[in-house]
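The values are calculated or read from the model by the stated rules, or taken from the named source; none is laboratory data. In this text, all values refer to a predicted model and were calculated from it rather than measured experimentally. Here the Cβ positions follow ideal geometry from the backbone for every residue, glycine too, while neighbour counts run over all protein chains shown. Only protein heavy atoms, including side chains, enter the accessible area calculation; ligands, DNA and RNA are left aside. Shrake-Rupley method; radii C 1.70, N 1.55, O 1.52, S 1.80 Å.
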Amino acid sequence: MKIVVIGGTGLIGSKTVAILRQAGHEVVAASPQSGVNTLTGEGLKDAMTGTQVVIDLANSPSFKDEAVMEFFRTSGRNLLAAETAAGVRHHVALSIVGTDRSDNGYFRAKVAQEKLIEASGIPYTVIRSTQFMEFLRAIADSSADGNNVRLSPGLFQPIAADDVAANVADVALAPPRNGIVEIAGPERAPFNEIVARYLKAVGDPRQVVRDPEARYYGGRVEEHSLVPLGEARLGRIGLDEWLRRSQAAA
Ligand SMILES: NC(=O)c1ccc[n+]([C@@H]2O[C@H](COP(=O)([O-])OP(=O)(O)OC[C@H]3O[C@@H](n4cnc5c(N)ncnc54)[C@H](OP(=O)(O)O)[C@@H]3O)[C@@H](O)[C@H]2O)c1
(Lines give C-alpha, C1' and ligand atoms only; values in the text may rest on other atoms or scores of the structure.)
Protein backbone atom coordinates (compact mmCIF):
# COMPACT_ATOMS: atom_id res chain seq x y z
CA MET A 1 0.00 0.00 0.00
CA LYS A 2 1.29 3.52 -0.76
CA ILE A 3 1.32 5.70 2.35
CA VAL A 4 2.44 9.34 2.47
CA VAL A 5 3.68 10.61 5.83
CA ILE A 6 3.57 14.40 5.91
CA GLY A 7 6.24 15.50 8.39
CA GLY A 8 7.96 12.17 7.73
CA THR A 9 11.32 13.58 8.87
CA GLY A 10 10.04 14.73 12.30
CA LEU A 11 10.19 13.04 15.71
CA ILE A 12 7.04 10.93 15.30
CA GLY A 13 7.13 10.97 11.49
CA SER A 14 10.55 9.32 11.13
CA LYS A 15 9.66 6.55 13.61
CA THR A 16 6.31 5.94 11.88
CA VAL A 17 7.95 5.78 8.44
CA ALA A 18 10.43 3.16 9.73
CA ILE A 19 7.66 0.96 11.22
CA LEU A 20 5.55 1.07 8.04
CA ARG A 21 8.52 0.39 5.75
CA GLN A 22 9.49 -2.55 7.96
CA ALA A 23 5.96 -3.88 7.42
CA GLY A 24 6.57 -3.78 3.66
CA HIS A 25 4.59 -0.69 2.63
CA GLU A 26 5.66 1.89 0.06
CA VAL A 27 6.14 4.95 2.27
CA VAL A 28 6.93 8.52 1.18
CA ALA A 29 8.55 10.58 3.96
CA ALA A 30 7.25 13.96 2.84
CA SER A 31 8.54 17.29 4.14
CA PRO A 32 9.87 20.56 2.72
CA GLN A 33 13.33 18.92 2.60
CA SER A 34 11.95 16.32 0.18
CA GLY A 35 10.07 18.92 -1.90
CA VAL A 36 6.61 18.53 -0.33
CA ASN A 37 5.34 21.65 1.40
CA THR A 38 1.79 21.73 2.76
CA LEU A 39 1.93 25.51 3.33
CA THR A 40 2.72 26.38 -0.29
CA GLY A 41 1.21 23.27 -1.87
CA GLU A 42 4.54 22.44 -3.56
CA GLY A 43 4.90 18.75 -4.47
CA LEU A 44 1.52 17.70 -3.01
CA LYS A 45 -0.15 16.63 -6.26
CA ASP A 46 2.73 14.34 -7.27
CA ALA A 47 3.07 12.86 -3.78
CA MET A 48 -0.64 11.95 -3.71
CA THR A 49 -0.61 9.97 -6.96
CA GLY A 50 -1.65 6.38 -6.18
CA THR A 51 -1.73 7.05 -2.43
CA GLN A 52 -4.25 5.19 -0.27
CA VAL A 53 -3.37 6.57 3.17
CA VAL A 54 -2.02 9.97 4.27
CA ILE A 55 -0.67 10.46 7.79
CA ASP A 56 -0.26 14.10 8.78
CA LEU A 57 2.53 14.46 11.34
CA ALA A 58 3.69 17.95 10.35
CA ASN A 59 4.25 20.62 12.96
CA SER A 60 4.43 24.38 12.84
CA PRO A 61 7.97 25.82 12.94
CA SER A 62 6.64 28.60 15.23
CA PHE A 63 4.44 28.03 18.31
CA LYS A 64 3.25 31.67 18.45
CA ASP A 65 -0.57 31.75 18.57
CA GLU A 66 -1.14 33.36 15.15
CA ALA A 67 1.63 31.47 13.35
CA VAL A 68 0.48 28.09 14.58
CA MET A 69 -3.16 28.79 13.64
CA GLU A 70 -2.06 29.93 10.18
CA PHE A 71 0.12 26.81 9.79
CA PHE A 72 -2.54 24.22 10.68
CA ARG A 73 -5.34 26.01 8.76
CA THR A 74 -3.40 26.57 5.54
CA SER A 75 -1.61 23.22 5.61
CA GLY A 76 -4.83 21.41 6.40
CA ARG A 77 -6.73 23.06 3.54
CA ASN A 78 -3.99 22.41 0.97
CA LEU A 79 -3.40 18.83 2.05
CA LEU A 80 -7.06 17.82 2.24
CA ALA A 81 -7.79 19.39 -1.17
CA ALA A 82 -4.93 17.40 -2.74
CA GLU A 83 -6.17 14.20 -1.04
CA THR A 84 -9.73 14.74 -2.28
CA ALA A 85 -8.48 15.24 -5.84
CA ALA A 86 -6.41 12.03 -5.64
CA GLY A 87 -9.12 9.91 -3.98
CA VAL A 88 -7.15 9.14 -0.80
CA ARG A 89 -9.04 6.58 1.31
CA HIS A 90 -7.84 7.32 4.86
CA HIS A 91 -6.51 10.53 6.42
CA VAL A 92 -4.80 10.09 9.80
CA ALA A 93 -3.72 13.07 11.92
CA LEU A 94 -2.04 13.42 15.30
CA SER A 95 -3.74 15.82 17.67
CA ILE A 96 -3.60 16.35 21.43
CA VAL A 97 -5.68 15.02 24.33
CA GLY A 98 -7.72 17.87 25.81
CA THR A 99 -7.45 20.21 22.79
CA ASP A 100 -11.12 21.10 23.19
CA ARG A 101 -10.89 21.46 26.99
CA SER A 102 -8.05 23.93 27.52
CA ASP A 103 -7.69 27.46 26.31
CA ASN A 104 -4.26 27.86 24.75
CA GLY A 105 -3.32 29.07 21.28
CA TYR A 106 -1.62 25.85 20.15
CA PHE A 107 -4.61 23.75 21.21
CA ARG A 108 -7.00 26.13 19.38
CA ALA A 109 -5.00 25.58 16.19
CA LYS A 110 -5.21 21.80 16.62
CA VAL A 111 -9.00 22.09 17.05
CA ALA A 112 -9.10 24.06 13.76
CA GLN A 113 -7.07 21.26 12.10
CA GLU A 114 -9.48 18.61 13.45
CA LYS A 115 -12.53 20.58 12.21
CA LEU A 116 -11.11 20.80 8.67
CA ILE A 117 -10.57 17.04 8.68
CA GLU A 118 -14.12 16.28 9.90
CA ALA A 119 -15.58 18.58 7.24
CA SER A 120 -13.41 17.24 4.39
CA GLY A 121 -15.51 14.20 3.52
CA ILE A 122 -12.34 12.04 3.46
CA PRO A 123 -12.57 8.94 5.71
CA TYR A 124 -10.35 9.79 8.69
CA THR A 125 -9.02 8.92 12.11
CA VAL A 126 -7.79 11.61 14.50
CA ILE A 127 -5.38 10.32 17.14
CA ARG A 128 -5.28 12.52 20.21
CA SER A 129 -2.10 11.92 22.19
CA THR A 130 -0.91 13.21 25.53
CA GLN A 131 2.42 15.11 25.63
CA PHE A 132 5.49 13.24 24.39
CA MET A 133 8.20 12.40 26.96
CA GLU A 134 10.67 13.85 24.44
CA PHE A 135 8.88 17.18 24.98
CA LEU A 136 9.55 17.32 28.77
CA ARG A 137 12.63 19.52 28.46
CA ALA A 138 10.80 22.03 26.24
CA ILE A 139 7.92 22.07 28.74
CA ALA A 140 10.34 22.78 31.61
CA ASP A 141 12.03 25.53 29.58
CA SER A 142 8.73 27.16 28.66
CA SER A 143 7.60 27.12 32.31
CA ALA A 144 10.90 28.36 33.75
CA ASP A 145 11.20 31.51 35.78
CA GLY A 146 14.94 31.75 36.52
CA ASN A 147 15.87 28.68 38.54
CA ASN A 148 12.24 27.77 39.23
CA VAL A 149 9.93 25.83 36.95
CA ARG A 150 6.30 26.65 37.77
CA LEU A 151 3.81 23.91 36.98
CA SER A 152 0.26 23.04 37.85
CA PRO A 153 -0.51 19.91 39.89
CA GLY A 154 -3.11 18.98 37.24
CA LEU A 155 -2.77 15.37 36.11
CA PHE A 156 -0.23 14.50 33.41
CA GLN A 157 0.33 11.24 31.50
CA PRO A 158 3.21 11.62 29.02
CA ILE A 159 3.86 9.01 26.33
CA ALA A 160 7.14 7.96 24.68
CA ALA A 161 7.52 8.83 20.97
CA ASP A 162 8.13 5.12 20.20
CA ASP A 163 4.71 4.27 21.65
CA VAL A 164 3.09 7.15 19.73
CA ALA A 165 4.58 6.00 16.43
CA ALA A 166 3.53 2.37 17.03
CA ASN A 167 -0.06 3.52 17.60
CA VAL A 168 -0.03 5.85 14.58
CA ALA A 169 1.18 3.03 12.31
CA ASP A 170 -1.43 0.68 13.73
CA VAL A 171 -4.27 3.17 13.20
CA ALA A 172 -3.10 3.97 9.67
CA LEU A 173 -3.32 0.29 8.68
CA ALA A 174 -6.79 -0.18 10.23
CA PRO A 175 -10.06 0.99 8.66
CA PRO A 176 -10.92 4.68 9.22
CA ARG A 177 -12.88 5.34 12.45
CA ASN A 178 -14.34 8.66 11.28
CA GLY A 179 -13.71 9.70 14.84
CA ILE A 180 -11.11 10.11 17.56
CA VAL A 181 -8.79 7.58 19.23
CA GLU A 182 -6.95 8.67 22.38
CA ILE A 183 -3.49 7.47 23.42
CA ALA A 184 -1.52 8.14 26.61
CA GLY A 185 1.47 6.93 28.61
CA PRO A 186 1.17 4.15 31.20
CA GLU A 187 1.57 6.41 34.28
CA ARG A 188 -0.58 9.30 35.47
CA ALA A 189 0.66 11.75 38.13
CA PRO A 190 0.61 15.51 38.86
CA PHE A 191 2.31 17.57 36.14
CA ASN A 192 4.75 19.20 38.61
CA GLU A 193 5.81 15.81 40.03
CA ILE A 194 6.55 14.23 36.64
CA VAL A 195 8.61 17.19 35.44
CA ALA A 196 10.49 17.23 38.80
CA ARG A 197 11.32 13.49 38.36
CA TYR A 198 12.53 14.19 34.83
CA LEU A 199 14.74 17.17 35.80
CA LYS A 200 16.27 15.24 38.73
CA ALA A 201 17.00 12.22 36.51
CA VAL A 202 18.78 14.32 33.86
CA GLY A 203 20.74 16.30 36.47
CA ASP A 204 18.99 19.61 35.76
CA PRO A 205 19.31 21.68 38.97
CA ARG A 206 16.14 23.72 38.42
CA GLN A 207 13.47 23.37 41.12
CA VAL A 208 9.87 22.64 40.25
CA VAL A 209 7.35 24.79 42.09
CA ARG A 210 3.79 23.46 42.46
CA ASP A 211 1.59 26.33 41.33
CA PRO A 212 -2.11 25.73 40.59
CA GLU A 213 -2.17 29.07 38.72
CA ALA A 214 0.75 28.21 36.41
CA ARG A 215 -0.28 28.29 32.75
CA TYR A 216 0.65 25.73 30.10
CA TYR A 217 1.34 27.60 26.84
CA GLY A 218 -1.06 30.27 28.11
CA GLY A 219 -3.89 27.94 29.17
CA ARG A 220 -5.07 27.02 32.69
CA VAL A 221 -4.45 23.41 33.71
CA GLU A 222 -7.27 21.93 35.78
CA GLU A 223 -7.08 18.44 37.31
CA HIS A 224 -8.14 16.63 34.12
CA SER A 225 -7.25 19.15 31.38
CA LEU A 226 -4.37 17.11 29.91
CA VAL A 227 -5.41 13.48 30.46
CA PRO A 228 -7.95 11.28 28.68
CA LEU A 229 -11.41 11.36 30.25
CA GLY A 230 -12.55 8.08 28.71
CA GLU A 231 -10.97 4.99 27.25
CA ALA A 232 -7.44 5.39 25.88
CA ARG A 233 -4.81 3.10 24.43
CA LEU A 234 -1.84 3.09 26.80
CA GLY A 235 1.81 3.05 25.78
CA ARG A 236 4.15 0.45 27.28
CA ILE A 237 7.15 2.65 28.10
CA GLY A 238 7.01 4.31 31.52
CA LEU A 239 9.06 7.37 32.45
CA ASP A 240 11.86 5.43 34.22
CA GLU A 241 12.23 3.04 31.28
CA TRP A 242 12.21 5.96 28.82
CA LEU A 243 14.89 7.75 30.88
CA ARG A 244 17.02 4.58 30.89
CA ARG A 245 16.66 4.22 27.12
CA SER A 246 17.43 7.89 26.39
CA GLN A 247 20.46 7.88 28.69
CA ALA A 248 21.73 4.68 27.04
CA ALA A 249 21.27 6.25 23.57
CA ALA A 250 23.07 9.51 24.54
N1 LIG B 1 4.74 17.58 21.34
C2 LIG B 1 3.75 16.90 21.89
O3 LIG B 1 3.81 16.56 23.07
C4 LIG B 1 2.53 16.52 21.05
C5 LIG B 1 1.48 15.86 21.66
C6 LIG B 1 0.41 15.44 20.86
C7 LIG B 1 0.41 15.71 19.48
N8 LIG B 1 1.45 16.39 18.91
C9 LIG B 1 1.42 16.60 17.44
O10 LIG B 1 2.30 15.65 16.86
C11 LIG B 1 2.66 16.09 15.54
C12 LIG B 1 4.11 15.73 15.25
O13 LIG B 1 4.96 16.39 16.16
P14 LIG B 1 6.55 16.16 16.14
O15 LIG B 1 7.04 16.59 17.48
O16 LIG B 1 6.87 14.79 15.63
O17 LIG B 1 6.98 17.23 15.06
P18 LIG B 1 8.49 17.66 14.63
O19 LIG B 1 9.51 16.70 15.14
O20 LIG B 1 8.63 19.11 14.96
O21 LIG B 1 8.45 17.49 13.04
C22 LIG B 1 7.69 18.35 12.27
C23 LIG B 1 7.66 17.83 10.85
O24 LIG B 1 6.83 18.72 10.09
C25 LIG B 1 7.50 19.00 8.88
N26 LIG B 1 7.05 20.26 8.33
C27 LIG B 1 7.25 21.52 8.81
N28 LIG B 1 6.70 22.43 7.96
C29 LIG B 1 6.14 21.72 6.94
C30 LIG B 1 5.47 22.09 5.75
N31 LIG B 1 5.25 23.38 5.46
N32 LIG B 1 5.06 21.11 4.91
C33 LIG B 1 5.29 19.80 5.20
N34 LIG B 1 5.93 19.38 6.32
C35 LIG B 1 6.34 20.34 7.17
C36 LIG B 1 8.98 19.02 9.26
O37 LIG B 1 9.76 18.90 8.08
P38 LIG B 1 11.33 19.44 8.04
O39 LIG B 1 12.09 18.41 8.79
O40 LIG B 1 11.62 19.45 6.57
O41 LIG B 1 11.31 20.79 8.65
C42 LIG B 1 9.04 17.79 10.15
O43 LIG B 1 9.11 16.61 9.37
C44 LIG B 1 2.30 17.58 15.49
O45 LIG B 1 1.18 17.77 14.67
C46 LIG B 1 1.92 17.94 16.94
O47 LIG B 1 0.89 18.90 17.00
C48 LIG B 1 2.51 16.79 19.67
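Check which residues have an amide H placed less than 5 Å from V208's amide H, if you skip close sequence neighbours.
V149
Explain nothing, just compute: Karplus ³J(HN,Hα) = 6.51 cos²θ - 1.76 cosθ + 1.60, θ = phi - 60°, for every residue of region 208-218 in order, whole Hz, x for Gly and Pro.
Rounded to whole hertz, the list is 8, 10, 6, 9, x, 8, 5, 8, 10, 6, x.
Using only alpha carbon positions, build the gyration tensor of region 1-77, then give the equivalent ellipsoid semi-axes as the square roots of 5 times its eigenvalues, largest first, whole angstrom.
22, 14, 9
Antiparallel DSSP bridges in the chain: what percent, to the nearest 5?
Counting only bridges with both partners in the chain, antiparallel ones make up about 15 percent.
Is the shape of the chain rounded, prolate or oblate, going by the alpha carbon gyration tensor and its root eigenvalues a ≥ b ≥ c, with a/c under 1.5 for rounded and a/b larger than b/c for prolate?
Working: a/c = 1.91, a/b = 1.63, b/c = 1.17.
It is prolate, given that a/c is not under 1.5 and a/b is the larger ratio.
Of all the accessible heavy-atom surface of region 179-250, with the other protein chains kept in place and a 1.4 Å probe, what percent is carbon and sulfur? Display every interim value, and only then the final one.
Working: 2040 of 4110 Å².
That fraction is 50 percent.
For region 26-104, which whole percent of the accessible surface, found with a 1.4 angstrom probe, sits on carbon and sulfur atoms? Mind showing how you got there, number by number?
Values: 1850 of 3690 Å².
Whole-percent figure for carbon plus sulfur exposure: 50.
To test your reading of the geometry: what angle, between 0 and 90 degrees and rounded to tens, separates the Cα axis of helix 65-86 from the longest principal axis of the chain?
Result, in degrees: 30.
Out of residues 5 or more away from V28 or on other chains, whose amide H comes under 5 Å of its own, with H placed 1.01 Å from N in the peptide plane?
So V28 has HN proximity to I3, V4, V5.
Viscosity 1.002 mPa s, temperature 20 °C: give me the Stokes-Einstein translational D for region 190-250 in µm²/s, with Rh taken as the Kirkwood radius over C-alpha pairs.
155
Once the Cα atoms of helix 11-22 and of the chain are each reduced to a long axis, what angle between those two axes, in degrees from 0 to 90 to the nearest 10, is obtained?
50
What net charge is computed for the residues neighbouring R137, neighbours being all others with C-beta under 12 Å from the C-beta of R137, Lys and Arg scored +1, Asp and Glu -1?
That sum, taken over residues with Cβ under 12 Å, equals -2.
What whole-number value in cubic angstrom gives the convex hull volume per residue for the C-alpha atoms of region 13-128?
101
So, for region 208-250, what is the accessible surface per residue at a probe of 1.4 Å, expressed in square angstrom?
Working: 2810 Å² over 43 residues.
Per-residue value: 65 Å².
Find out how many positive minus negative residues lie around V36, taking Lys and Arg as positive, Asp and Glu as negative, among other residues whose Cβ is under 9 Å from that of V36.
-2
Q207: net charge of surrounding residues, Cβ under 14 Å, Lys/Arg +1, Asp/Glu -1, itself excluded?
Working: positive: R150, R197, K200, R206, R210; negative: D145, E193, D204, D211.
Overall, the nearby charge balance is +1.
For region 223-235, what does the Karplus curve 6.51 cos²θ - 1.76 cosθ + 1.60, with θ = phi - 60°, yield as ³J(HN,Hα) per residue in whole Hz, taken in order and with x for Gly and Pro?
For region 223-235, the Karplus-derived couplings read 3, 10, 4, 10, 10, x, 8, x, 5, 9, 7, 9, x Hz, x marking Gly and Pro.
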